[in-house]
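Bear in mind these aren't lab numbers, they're just calculated from the coordinates by the rules spelled out. Values in this document were obtained by computation on a predicted structure and should not be read as measured data. So basically every Cβ, Gly included, is an ideal-geometry build from the backbone, and we count neighbours across all protein chains shown.
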Ligand SMILES: Nc1ncnc2c1ncn2[C@@H]1O[C@H](COP(=O)(O)OP(=O)(O)OP(=O)(O)O)[C@@H](O)[C@H]1O
Ligand SMILES: [Mg+2]
């Protein structure tokens, strides 16, 4: 198990290193950062001065190494627009997005796993069709329209929930539903097919042949197996949600990472953009790592070779 | 003891398949007494597994069951409720399956799986369940049982896993054990050990045992009675010694010619002697089901469905030939195999 984790940690570090390089290059090669920072009406001398101050005139690999070195030393740089350390800026916005992502995932799993199980227990019946319908209805709508629909029904008509800002936990309910709902069809389908397969398996037949209760057969001997691939999918979906939270954060006026990224791009706030890209890349990689470890914990055949 | 332990009368299984209905089990009658081993023998696809699954109430959803009687000590199992089944399975009837590599749940330790079964049926503490599991692992000849309790199935060999399955079947002291091809997936030497173990347990506990196999040679040594199945029907059923001494149904005779010699017939190899395969017939039989492959077939074989008839020694045979054993020439098999 220890060797397994060390192996995966190395892979994760490699993934983060590569994505950080790509992210860094993209930011620096898709425009002239000095010109963007100086603004439209700046004199050429000013642009040149900025270029030298920030080191944009040096070779890109040298800039990258400097940046990585600073990052590893705990210096995340400064936002030239906000006049704040990038660390402080991230610390302010990250918890909002993290909360949103975790709640959205919880909602997605809480809805799609029971639906998938119900569908697998009664395949090709009305139960199956209704479960699928619940998971996919509304998927055709763009997420902002779905979000606006939620706001209209639960915020405006029923007045049950707040629709804007991040002051209380209630503020997170509608955004989490709006964000998490888009992950339900994939998770539901995977749960359903995994359950169908598990219920056909020999060990489930054994469990039934020994008179175990229905709950034990379905959950302990069926779902336990079906859930293993769902873990990996959930990690990927959480990554998508974090990436896709920009629309939802905008609709619900949540000041999270998506919002920050959007603002920073408009302000050409390069240090912040780079840091966000790195955080997102690292989050993807770490989520995948966690999924692998959780998989190993769930499946003794991986854990004990 | 009054009446049999298990009584099965008129058992039929039909399965809806694309374009019609198959009839894998076409009216099977047999009974098992306490303290008796009944072997059910027949080649792949003749309906042995479906027969045993029907007794356990575990038929696939697509299958339809019809039977006059399926009764365990007078308790009818037809139309039993789900909770009624749960109190029966594992508790009064236990089943051992063919493939020990997949029959145990790979996610749980041996000890936990055994304790789960016992505690489903008996209100015992976790510690008591552990002790009982230990006792039974020892009983089925597993060395260092404490260590096995904490292992996962994939850490055990096939033979050991089948021993675990047998131990699990014994947990609640059932009255009947159904073993469906319990040794088919194992190496020849292990096969003999497992069969010997089953026979010994059957003798010591006095339970009823149904031993299913496609290999007459495998069960010949341990069965008290033998039922030979062909195409969803029992074609011959009676005392072991009588049947092995002189088979009366041509199919049984063919099976005996094809008993594999240990070491010369590999696992998974089909029996070579009886030419052809079991024909899939969808409707009711209108003639002898074995007709196409029978070297002795006569005009009367095709005249109508063949009923079971009782021979002088009490066994039942589904054949139109005289039941004194006359009218058969074993050389006919060789001629048929050679296509003469
Ligand atoms: N779920 C099913 N759907 C359709 N046909 C089935 C199904 N299960 C079994 N059958 C058919 O029923 C027949 C009898 O099956 P069964 O499993 O009882 O055979 P068996 O005698 O146990 O053979 P084997 O030695 O291969 O285990 C086979 O021809 C099989 O194709
Ligand atoms: Mg079978």
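Taking the simple approach of a point 7 Å from Cα along Cα-to-Cβ for both residue A:213 and residue B:205, what is their distance in nm?
So the label points at residue A:213 and residue B:205 sit 2.5 nm apart.
Multiplying the sequence separation of residue A:156 and residue A:73 by 0.36 nm and subtracting their Cα-Cα distance, what value in nm do you get?
Result for the pair: 25.0 nm of gain on full extension.
Run the numbers on chain A and let me know its relative contact order in percent, using alpha-carbon pairs under 8 Å that are six or more apart.
Relative contact order of chain A: 26 percent.
Quick one: helix B:158-170 against the long Cα principal axis of chain B, what's the angle to the nearest 10°, folded into 0 to 90?
Value to nearest ten degrees: 80.
Do the sum for chain A: with -39,500 (n - 2.57) for every DSSP H run of n ≥ 4, divided by all residues, what is the mean residue ellipticity at 222 nm, to the nearest 500 deg cm²/dmol?
Value at 222 nm, helices only: -23500 deg cm²/dmol.
Normalised by the number of residues in segment A:89-248, what is the relative contact order in percent for Cα pairs under 8 Å and 6+ residues apart?
Normalised by residue count, the contact order of segment A:89-248 is 34 percent.
Relative contact order for chain B: what is it in percent, counting Cα pairs under 8 Å that are at least 6 residues apart?
In percent, rounded to a whole number, it is 20.
Exposure proxy check: B:22, A:191, A:184 ranked by fewest other beta carbons within 10 Å?
Starting with the residue having the fewest Cβ neighbours, the order is B:22, A:184, A:191.
Suppose R0 equals 45 Å; then what is the FRET efficiency for residue B:241 and residue A:298 from their Cβ-Cβ distance, rounded to the nearest 0.05?
Approximately 0.25, to the nearest 0.05.
Using a Förster distance of 22 Å, how high is the FRET efficiency between residue B:21 and residue B:286, based on the Cβ-Cβ distance and rounded to 0.05?
The value I calculate is 0.85.
For chain B, what value does the Rg/Rh ratio take when both radii are computed over Cα atoms and Rh is the Kirkwood radius, given to two decimals?
0.98
Of B:167, B:133, B:66, which is the most mobile in a GNM of chain B whose springs link Cα atoms less than 10 angstrom apart?
B:66
Cα atoms only, segment B:103-173: Rg and Dmax in Å?
10.8, 31
Taking just the alpha-carbon atoms of the protein assembly as shown, what radius of gyration and Dmax come out, in angstrom?
34.7, 118
If the chain between residue A:202 and residue A:53 were fully stretched, how many nm would it gain, using 0.36 nm times the residue separation less the Cα-Cα distance?
Once the chain is fully extended between residue A:202 and residue A:53, it gains 46.8 nm.
At 222 nm, what helix-only mean residue ellipticity would chain B give, in deg cm²/dmol to the nearest 500, using -39500 (n - 2.57) for each DSSP H run of four or more?
Computed mean residue ellipticity for chain B: -9000 deg cm²/dmol.
In nm, give the distance between the simple-model label positions of residue A:133 and residue B:337, each being 7 Å from the Cα along the Cα-to-Cβ direction.
About 6.2 nm, to one decimal.
Can you list, bin by bin at 5 Å, the percent of alpha carbon pairs in segment A:89-248, starting at 0?
2, 9, 16, 18, 17, 13, 10, 7, 5, 3, 1, 0
How do A:70, B:240 rank when sorted from fewest to most other Cβ atoms within 10 Å of their own Cβ?
A:70, B:240
Rank these for me by crowding, B:306, A:15, B:235, going from fewest to most other beta carbons within 10 Å.
Exposure proxy ranking, most exposed first: A:15, B:306, B:235.
How well do other chains shield peptide B:154-161, expressed as the mean number of their Cβ atoms within 10 Å of each residue Cβ?
What the average comes to for B:154-161 is 1.
Would you mind computing, in nm to one decimal, how far apart the modelled labels at residue A:102 and residue B:157 are, each placed 7 Å from Cα along Cα→Cβ?
Taking the two extended label points, one gets 5.0 nm.
Suppose R0 equals 60 Å; then what is the FRET efficiency for residue A:126 and residue A:29 from their Cβ-Cβ distance, rounded to the nearest 0.05?
Between residue A:126 and residue A:29 the formula returns 0.60.
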